[in-house]
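Visitor: A single structure is presented below for examination.
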Amino acid sequence: MGIENQQLHVVFFPYLGHGHMIPILDIAKLFVARNVKTTIITTPLNAPTFTKTIETYNKRGPNPLMNLEIFTFPSREVGLPEGCENLQQAGALGVIPLFFKAGELLREQLEKFLEASRPDCLVADMFFTWATESSAKFNIPRIVFHGYGFFALCAKEIERVHKPFKTVSSDDEAVILPRLPHEVKMTRLQVSKEEWSDEDNEFNRRSARIKESEVESYGVIVNSFYELEPDYADFFRKELGRRAWHVGPVSLCTRGTQDKVNEHECLEWLNSKKHASVVYICFGSIAHYLAPQLTEIAKALEGSRQNFIWVVRNRDHGNAEEWLPQGFEQRTKGRGLIIRGWAPQVLILMHEAVGAFVTHCGWNSTLEGISAGVPMVTWPVFAEQFYNEKLVTEILKTGVPVGAKRWSRVASIEDLINQDAIEKALKEIMVGEKGPEMRNRAKKLKEMAWRAVEERGSSYNDLNSLINELRNNCT
Ligand code: UDP
């Protein structure tokens, strides 16, 4: 059999959170489009994220190329409530450490599965730090997926290795992260305390394990495109010495909307709005905002006089009247829409009526905003989100910060951003002097993003070279 026809089998093992599962599903689609057999591993309650797409894809050809493998999730063994199988739920219940512990216990099931199925490659999330060792037992190359872009991968690693915050005298003293291609200044408030403190704590031990398993792995697959952050794509490879393949933006994997059709009423509502006239606000699947913060957002939206779609997740809204200013929905009728629950984000962002995105700077959201050519108001909370803010506001210059200062897993009243700050950032993008410039830059990045995933584009080529390499390995 020729190399091109050899049936490769790649197994994907995403972490159990939307920000990890969504891009992995898109990456699996990209492999399937190149005739690679794929299996995605998940747990019973996370399976619905994948099943519909898998069924649709497998109907397309005689040879089903997308498979799902279900592992049991050891909630009870670690003391998690029954049914808590997702980072989003674990975050809401304040039990993330237990959730991580349960994730560690999936190792045995993975090894049994690898032994029985002998795939040609395992793409496993960074949090499964033991996966490099597990796959090595069966001579299977392990690729790491972080869900970060190159800039955050580089900045975070520089920060971990050089510990620049150890010498500062106060939390808000900005220091330059050494060695990076640009002068990037951060304060230690913008990273987790466990991280800069150099203590021997679980966070630092996990970070060290993540890096060891990354260094020993076959390489890293990155949801980004070269033209977006070329200095950092090079730095990651040349200065940090990692093997990496950039394959994104993976949300563009289906070229438009063929399998992202969604009947959500907000899309029809958007059809009635003018070009670039709507602000879209959504903070991803995990970040939590306090009720008084939601009130400030509501007041800012009203005060800004802009059209808006605001996604408020169920657990945030409680009794609506408690945080929504009285009469808000009547007063903003026709110009604003609140979505309570899950929004079709990629489709909303790609709608031409959307003119700005208020985001928590999760990497998927950030890249989806970039791919849609939409300038952003950045409002990072935790994880690597403060790095993503830096990229957007200082390097790409397609966004303005709302003024979030402190990295925190748990929202605190001291970090409240008031109406004026939110309104100012919104106006700066929607009607401010620098708005058109930012919008132009965002539009150019969008064009580059689409070019990168088209035939002969940089992401298209990089994915092909990874697949060719894997095919060569098994001849
Ligand atoms: N998302 C969505 N609808 C929502 C909220 C989130 O489709 O109402 C998607 C969003 O498009 C993105 C992912 O969920 O692909 C969130 O990932 P991100 O990295 O931005 O943030 P996280 O949720 O991991 O903090």
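Visitor: With a 1.4 Å probe and all protein chains kept in place, how do V381, V222 rank by accessible area, largest first?
Guide: Values: V381 20, V222 0 Å².
Correct descending sequence by accessible area is V381, V222.
Visitor: Can you give me the % of accessible surface on the chain that is carbon or sulfur? Probe 1.4 Å, all protein chains present, nothing else counted. The partial results should precede the final answer.
Guide: Working: 9970 of 20220 Å².
Looking at the chain in its full context, I get 49 percent from C and S.
Visitor: Follow-up. Restricting to Cα pairs below 8 Å that are 6+ residues apart, what does the relative contact order work out to for the stretch 96-227? Please round to a whole percent. Before the final figure, lay out the partial values.
Guide: On the way: 147 pairs, mean separation 35.4, N = 132.
Rounded, it is 27 percent for the stretch 96-227.
Visitor: Using a 1.4 angstrom probe with every protein chain in place, what is the largest-first accessible-area order of Y280, Y460? Spell out each step's value before the answer.
Guide: Working: Y280 0, Y460 55 Å².
My answer, sorted largest first, is Y460, Y280.
Visitor: Ignoring everything but the protein chains, give the 1.4 Å probe accessible area of E447 in square angstrom, nearest 10.
Guide: 90
Visitor: What number, in percent, do you get for the relative contact order of the chain if the mean sequence gap of Cα pairs under 8 Å and at least 6 apart is divided by its residue count? Don't skip to the answer; put the middle values down first.
Guide: Working: 812 pairs, mean separation 68.9, N = 475.
Relative contact order, the chain: 15 percent.
Visitor: Mind scanning K52/K333; K29/K193; K185/K446; K299/K390 and naming the pairs with a C-alpha gap bigger than 29 Å? Don't skip to the answer; put the middle values down first.
Guide: Details: K52/K333 34 Å; K29/K193 38 Å; K185/K446 27 Å; K299/K390 27 Å.
In this structure, K52/K333; K29/K193 lie more than 29 Å apart at Cα.
Visitor: Then there's this: Rounded to the nearest 20 Debye, what is the dipole magnitude of the chain about its Cα centre when Lys and Arg each give +1 and Asp and Glu each give -1 at the C-beta? Present the calculation step by step, with values, prior to reporting the outcome.
Guide: On the way: 57 positive and 61 negative charges, 181 e Å.
It works out to roughly 860 debye.
Visitor: Quote the FRET efficiency, to the nearest 0.05, computed for S169 versus N468 with a Förster distance R0 of 51 Å and r equal to the Cβ-Cβ distance.
Guide: On the way: r = 52 Å, r/R0 = 1.03.
Calculated transfer efficiency: 0.45.
Visitor: Compute for the stretch 96-156: radius of gyration divided by Kirkwood radius, i.e. Rg/Rh, restricted to C-alpha atoms, rounded to two decimals. Please report the intermediate quantities before stating the final value.
Guide: On the way: Rg = 13.0 Å, Rh = 12.6 Å.
Taking Rg over the Kirkwood Rh, I get 1.03.
Visitor: Per residue, what accessible area does the stretch 393-475 have, given a 1.4 Å probe and all protein chains present, in Å²? Write down the numbers at each step before the final one.
Guide: Numbers: 4720 Å² over 83 residues.
Using a 1.4 Å probe on heavy atoms only, each residue of the stretch 393-475 averages 57 Å².
Visitor: Considering only DSSP beta bridges where both residues belong to the chain, give the percentage that are antiparallel (nearest 5).
Guide: On the way: 2 of 45 bridges.
Just about 5 percent of them are antiparallel.
Visitor: What accessible area, in Å² to the nearest ten, does a 1.4 Å probe give for D198?
Guide: Approximately 80 Å² for this residue.
Visitor: In addition: Ranked from the most accessible area to the least, with a 1.4 Å probe and all protein chains present, what is the order of R60, R142, R242? Please list the in-between numbers first.
Guide: Values: R60 140, R142 5, R242 30 Å².
Reading off the accessible areas and sorting them downward yields R60, R242, R142.
Visitor: For the stretch 200-253, calculate the relative contact order in percent as a whole number, restricting contacts to Cα pairs under 8 Å that are 6 or more residues apart. Provide the component values of the computation, followed by the final result.
Guide: On the way: 40 pairs, mean separation 21.4, N = 54.
Relative contact order here is 40 percent.
Visitor: Which one, C474, A155, N139, is farthest towards the positive end of the dipole of the chain when Lys and Arg carry +1 and Asp and Glu -1 on their Cβ?
Guide: Projecting each Cα onto the dipole axis, the largest value belongs to C474.
Visitor: On the first, second and third principal axes, largest extent first, how far apart are the outermost C-alpha atoms of the chain in Å?
Guide: The Cα atoms of the chain stretch 65, 55, 46 Å along their principal axes.
Visitor: Can I ask one more? Report the label-to-label distance for N271 and K112 in nanometres (one decimal), using points 7 Å from each Cα along the Cα→Cβ vector.
Guide: For the pair N271/K112, the computed spacing is 5.0 nm.
Visitor: Here is a further query. Using a 1.4 Å probe on the protein heavy atoms only, what accessible surface does H162 show? Give it in Å² to the nearest 10.
Guide: 80
Visitor: If you find the alpha carbon centre of the stretch 196-252 and of the stretch 388-432, how far apart are they in angstrom?
Guide: Taking the Cα centre of the stretch 388-432 as reference, the centre of the stretch 196-252 is 26 Å away.
Visitor: While we're on this one: With θ taken as phi - 60° and the coefficients 6.51, -1.76 and 1.60, list the Karplus ³J(HN,Hα) couplings across the stretch 9-18 in order, rounded to whole Hz; mark glycine and proline as x.
Guide: Once θ is set to phi - 60°, the couplings for the stretch 9-18 become 10, 10, 9, 10, 10, x, 5, 8, x, 4 Hz.
Visitor: Given the DSSP H assignment, sum -39500 (n - 2.57) over each helix run of at least 4 residues in the chain and divide by its residue total; what's the result at 222 nm in deg cm²/dmol, nearest 500? Mind showing how you got there, number by number?
Guide: On the way: 22 runs with 203 residues, N = 475.
It comes out at -12000 deg cm²/dmol, rounded to the nearest 500.
Visitor: Counting only other residues whose beta carbon sits under 13 Å from that of P44, what net charge do I get with K and R as +1, D and E as -1?
Guide: Details: positive: none; negative: E69, E82, E85.
My count for the surroundings of P44 gives -3.
Visitor: Could you tell me whether the stretch 376-436 comes out rounded, prolate or oblate from its Cα gyration tensor? Rule is a ≥ b ≥ c as square roots of the eigenvalues, rounded for a/c under 1.5, then prolate if a/b exceeds b/c, otherwise oblate.
Guide: Values: a/c = 3.68, a/b = 1.35, b/c = 2.72.
Judged from the Cα gyration tensor, the stretch 376-436 comes out oblate (a/c at least 1.5, b/c at or above a/b).
The values are calculated or read from the model by the stated rules, or taken from the named source; none is laboratory data. Note that this is a predicted model, so its numbers are computed, not measured. Neighbour counts are summed over all protein chains in view; Cβ atoms, including those assigned to glycine, are modelled from backbone coordinates with ideal geometry. When the accessible area is computed, the model is the full protein with side chains, heavy atoms only, and any ligands, DNA or RNA have been set aside. Shrake-Rupley method; radii C 1.70, N 1.55, O 1.52, S 1.80 Å.
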